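A quick write-up on the structure given underneath.
The values are calculated or read from the model by the stated rules, or taken from the named source; none is laboratory data. A quick note: this is a predicted structure, and the numbers were derived from the prediction, not measured. Note: accessible area is taken over every heavy atom of the protein model, side chains too, but ligands, DNA and RNA are not part of it. Shrake-Rupley method; radii C 1.70, N 1.55, O 1.52, S 1.80 Å.
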Amino acid sequence: MAGHFPEAPSMFLTWFQVDDADAALARVKNNGGQAFSEPMDMPGVGRMVVVADNTGAAFGIIKPAA
């Protein structure tokens, strides 16, 4: 993946497992956070979205596939 986004800094992204990705996203937004995209479903992986809290700290939310 190196080179695909040369403007992006090196970083780690923490993911939190949730029971309902859409409900978790709503809580993030209700508390002043934002989503970087719409939630997406990845077959065999789950429903996920990358968000930022109200201070700008980025993290991922995922409901794993059954």
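Here are the numbers for this structure:
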{"read-out": "Qualifying residue in the range 47-58 (condition: among the polar types (S, T, N, Q) and open to solvent by 90 Å² or more (accessible area, probe 1.4 Å))", "value": "yes"}
{"read-out": "Top-ranked residue of the range 5-39 - restricted to ones that are open to solvent by 70 Å² or more (accessible area, probe 1.4 Å) and of a type in the set (S, T, N, Q), ranked as modelled with the lowest pLDDT", "value": "SER10"}
